[in-house]
Structures are given as C-alpha cells and as structure tokens.
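This is the structure I have questions about; it appears just below.
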Amino acid sequence: MHNGYFFIKSMDTPQQLLFIYNANSGRGNAFLDSMHKVFRPQTYDCKLCELTFGVVSENKTWKRFREETKNVMVFLHKDEFAKKYKSKFGYKFTFPIVLTEGENGLEVLVATEELNQTKTVHDLIRLVKERTEEH
C-alpha cells in the first residue's frame, strides 16, 4: 500500500485492464460530451467518463490511481475498441465496460450495469482493486 492505494500486481497479473468509454473518439465528440455533462448530466450515457473525468480535466483521485498502476490500464473509446478488436475477437459488449485482456482473451471485470450503478470514483477504484487482486 502506498498513499492509500494498493498497487495492481502487474507481475502476478499479466493482463491489461481495458477501460472502454461509451463515447466516440475525437475533439468534436469530446466537446459535445463535455457540454452534455454540463447541460443534461442526467441523460449522459457514459458513467465511466463521468467518474474519471470532470467537464474539462481528469479526476485527480483517478489520475493518481491510474499513474500508480504502472501502464496496466488502456483507455479506449467505443469506436477505437471496435476497430482494434473486431477482426481479432468479434466480441459484443455494451459500454462503458472494464475488461481484462490476458491469455484467455477478453473477460469482463466490471460490467456496464455495475459501472452505471457506481456512485463515486472511490467506488470504482475499490472495484478494480478487489477484482484484480482476485485474478
């Protein structure tokens, strides 16, 4: 434990963590998403975005946790995920979602329904820590 955070054991757990946002990539989309968060937050479709980013910058608690995991996390928008993984695996997922990529392919770490019920960034961090320590 360091500064209140547990490190994800990258040596014991060789898988990557894939965080896929329910949003498309690009500056225009990022701007529209930010405006949506401000003006209609109750209808915003990406709980992962909401938990990890404010309107204009990354949540400080999340950023600290992400930096402490030492390159285990990969972040993709849903269009980037579809492009990168469609030819390899043909998986069908709902978004947002957190997946692990390891020897067995892609597995769900935190499902969309569970992410959508997560209230705080601290809850998300706790979920990720608990589940990565189980693997």
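The values are calculated or read from the model by the stated rules, or taken from the named source; none is laboratory data. Predicted, not measured: the structure shown is a model, and the values here were computed from it. Because the Cβ atoms are built from the backbone with ideal geometry, glycine has one as well, and the counts that use them run over all protein chains shown.
Determine, yes or no, whether Leu124 is touching a helix residue (DSSP H, G or I) at 6+ places or on another chain (Cβ under 6 Å), buried (at least 17 other Cβ atoms within 10 Å of the Cβ), assigned to a strand (DSSP E or B) and at pLDDT 90 or above.
no
While we're here: Any residue in segment 65-85 that's free of Cβ contacts under 8 Å to residues at least 24 places away in the same chain: show its pairings with residues that are surrounded by fewer than 15 Cβ atoms within 10 Å (Cβ to Cβ) at Cβ separation under 7 Å, as long as the two are six or more apart or on different chains.
From residues that are free of Cβ contacts under 8 Å to residues at least 24 places away in the same chain, the pairs are Tyr85/Tyr91.
What about Phe65, is it outside any strand (DSSP E or B), loosely packed, with under 15 Cβ neighbours inside 10 Å and either of a type in the set (Phe, Trp, Tyr) or at pLDDT below 70 (or both)?
When the stated conditions are applied, Phe65 does not pass them.
Additional query: Could you tell me whether segment 26-48 includes any residue that is at pLDDT 80 or above and touching a strand residue (DSSP E or B) at 6+ places or on another chain (Cβ under 6 Å)?
For segment 26-48, residues at pLDDT 80 or above and touching a strand residue (DSSP E or B) at 6+ places or on another chain (Cβ under 6 Å): present.
Okay, moving on. Among the residues of segment 73-90, write down those that are outside any helix (DSSP H, G or I) and either over 23 Å from Asn104 (Cα atoms) or modelled with pLDDT under 85 (or both).
If the condition is that a residue be outside any helix (DSSP H, G or I) and either over 23 Å from Asn104 (Cα atoms) or modelled with pLDDT under 85 (or both), then Lys86, Ser87, Lys88, Phe89, Gly90 are the ones that fit.
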